[in-house]
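Worksheet: one structure, shown below.
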Amino acid sequence: MEMEKYLQKIVQISLSSTPEDMLKTSLEICIEIAEGSSGSILGEEGPYLQFLFSEVPALIGVRVPFDSIAGSAMTKNLVIYTHAPSDKRHFDGIDKQLKKTTNYLLSIPIPSIHSASSSDGKAKNAGTLQILFDRDVFPDLGVEKGPREFSLGDFKRSGLNSERINNIFIILPLIAFGIEVMRLRQTSYQVIHELKNKMISAGSWIGCLKEDIASKSPELAEDEAIKEDFTISENAIREGAEMAKSYLQLTKLYTPNFKMADINAVLKETASSAKALSSELGIADFAVETALDAGIGRKELDEEKLKMAFFNLCKNALEVLRERSVDNPRIKISSSLKEDGCMEIRIGDNGPGMPPEIADNLFIPFKTKKEGGTGLGLTITKKIIDLHAGSISCHTGSGGTEFRMTL
């Protein structure tokens, strides 16, 4: 029953948070059920293994060679139990940082979710899980004389893996999933970043082409069909670059920077930014009304990302107010402290509201009715609120639209 509770916790986090949070939680649970002193999850990073998560923060990002204990476990598909200080494969850079806690080390290969084996018949692994122990949990093996290595099958049949160690194997597929999602996100980020640069470059070259045509054939440059072709091409490239830029913003959200902050200060800055944008958009008689709870206090927040989220909502509201030529256009921003201790933030407008088919799909990526829009603005906003373990909802009608957020 305890294991079922652990698995439910990991799955819940995987559905509502980031792959990093899922891996961190998985590692914490593995250490707890194994009764270890600390541990790490390492993933393959080119010709090295890299610490993805560790009980020792200084290790995160450190690369280790494949001839290390972790590398041997992964490449040879072996469970390795060893007295780490006397094992020559123990990477010196790690040993110095963990000399107080690295006594007995259990390394378990993490099977890849992509395929069970490679062309040479050897199992393919995504990385290595390492659990450290202050004491010798398998004293009968006598690892002070040398490490003991087992295939996964032999280890499970040996009788050495008690129920607490055996439960780790249940979690391994979830850890593998988290590692693969991290890799996919990193790869997609690099691809989209390059695509964005290519689009920006293409836009510049179209500008050069227009200038060349105008200088060599002014009559051709004024041809309406050619001018329309250029306009369509430039718009497509600009929209593609904006979509790539928005996607890159979305992927960066997974590394929040939390610190104690005043939410009212963030909202005041949002109000100022909204006023500035209204002037830029040429919206006459616009005003921002604020009702901020002075007793709301401070909380650990990522100020910069919340500014982005709140400004996205104001920007959308301003565009609607301008497009629909609303009389006495207004945005209202409020904060309050709920009975359960959560902060409630409301950002609303006095526009015409939105139809159900739009309201029902607000947070779905790439779904937009806005000309030139990417469909990622509100997706980014929701993700920022999610990272604060909060919620966001939309309430719309003929009197306007209001977004309500809890943090």
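The values are calculated or read from the model by the stated rules, or taken from the named source; none is laboratory data. Quick caveat, the model's predicted, so the values are computed rather than measured. Here the Cβ is made from the backbone with ideal geometry for all residues, glycine too, and neighbour counts use every protein chain on show.
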Practice item. For Glu344, state whether it is among the charged types (D, E, K, R), assigned to a strand (DSSP E or B) and within 21 Å of His395 (Cα to Cα). Key: yes
Study note, to complete from the structure: Here the qualifying pairs (Cβ atoms under 6 Å; residues six or more apart or on different chains; first in the range 379-407 and surrounded by fewer than 20 Cβ atoms within 10 Å (Cβ to Cβ); second part of a helix (DSSP H, G or I)) come out as Cys394/Ala359
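Of Leu267, Leu306, Leu321, which residue is within 17 Å of Ala389 (Cα to Cα) and in contact with a Ser or Thr (Cβ under 9 Å, 6 or more places away or on another chain)? Explain how you work it out, then say what you get.
Working: Leu267 fails: within 17 Å of Ala389 (Cα to Cα); Leu321 fails: within 17 Å of Ala389 (Cα to Cα).
After ruling out the rest, the residue left standing is Leu306.
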Exercise for review: With the checklist (1) over 22 Å from Ala389 (Cβ atoms); (2) not in a loop (DSSP other than H, G, I, E, B) in hand, flag the one item Gly61 doesn't pass.
Suggested key: (2)
Review point. Tell me, which residue of the range 1-56 that is assigned to a strand (DSSP E or B) and more than 21 Å from the chain's Cα centre (by Cα) is farthest from Asn103 (Cα to Cα)?
Key: Tyr48
Study note, to complete from the structure: Taking first residues from the range 263-289 that are under 16 Å from Lys332 (Cβ atoms) and second residues anywhere that are exposed (fewer than 15 other Cβ atoms within 10 Å of the Cβ) and aliphatic (A, V, I, L, M), the pairs with Cβ under 8 Å that are 6 or more apart or on different chains are Asn264/Ala294
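To keep it simple, each residue is scored yes or no on (1) surrounded by 14 or more Cβ atoms within 10 Å (Cβ to Cβ); (2) in contact with a Ser or Thr (Cβ under 8 Å, 6 or more places away or on another chain); (3) β-branched (Val, Ile, Thr); (4) modelled with pLDDT under 90.
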residue: Gly240; (1), (2), (3), (4): yes, no, no, yes
residue: Ser246; (1), (2), (3), (4): yes, yes, no, yes
residue: Ile263; (1), (2), (3), (4): yes, yes, yes, no
residue: Ala271; (1), (2), (3), (4): yes, yes, no, no
residue: Ala291; (1), (2), (3), (4): no, yes, no, no
**Study point:** Residue satisfying all of: in the range 56-77; of a type in the set (D, E, K, R) and without any contact (Cβ under 8 Å) to a residue 40 or more places away in the chain; surrounded by the fewest Cβ atoms within 10 Å (Cβ to Cβ) among these
**Key:** Asp67
Check your understanding: If you go through the range 18-39 one residue at a time, how many are aliphatic (A, V, I, L, M) and closer than 16 Å to Leu105 by Cα?
Key -> 4
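In the range 305-331, how many are small (Gly, Ala, Ser) and more than 15 Å from Phe286 (Cβ to Cβ)?
Number satisfying all stated conditions: 1.
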Review point. Would you say Val79 is in the same structural domain as Asp134 (by TED's automatic domain parsing), more than 30 Å from Pro139 (Cα to Cα) and of a type in the set (A, V, I, L, M, F, W, C)?
Key: no
**Study point:** Pairs with Cβ under 8 Å, 6+ apart, first in the range 24-44 and farther than 20 Å from Asp136 by Cα and assigned by TED's automatic domain parsing to the domain that holds Val62, second among the hydroxyl-bearing types (Ser, Thr, Tyr) and assigned to a helix (DSSP H, G or I)
**Key:** Ile41/Ser26
Study note, to complete from the structure: Counted residues in the range 276-322 being in contact with a helix residue (DSSP H, G or I) (Cβ under 9 Å, 6 or more places away or on another chain) and on the phi > 0 side of the Ramachandran plot come to 2
Exercise for review: Could you list all residues from the range 138-163 that are of a type outside the set (Ser, Thr, Tyr) and surrounded by fewer than 16 Cβ atoms within 10 Å (Cβ to Cβ)?
Suggested key: Pro139, Asp140, Gly142, Glu144, Lys145, Gly146, Gly153, Asp154, Lys156, Arg157, Gly159, Glu163
**Study point:** Leading residue by the ranking (surrounded by the fewest Cβ atoms within 10 Å (Cβ to Cβ)) among those in the range 308-336 that are closer than 22 Å to Ala261 by Cα and in contact with an Asp or Glu (Cβ under 6 Å, 6 or more places away or on another chain)
**Key:** Ser336
Review point. Does the range 37-59 hold any residues that are out of contact with any Leu (no Cβ under 7 Å at 6 or more places or on another chain) and of a type in the set (A, V, I, L, M, F, W, C), and which are they?
Key: Ala58, Leu59
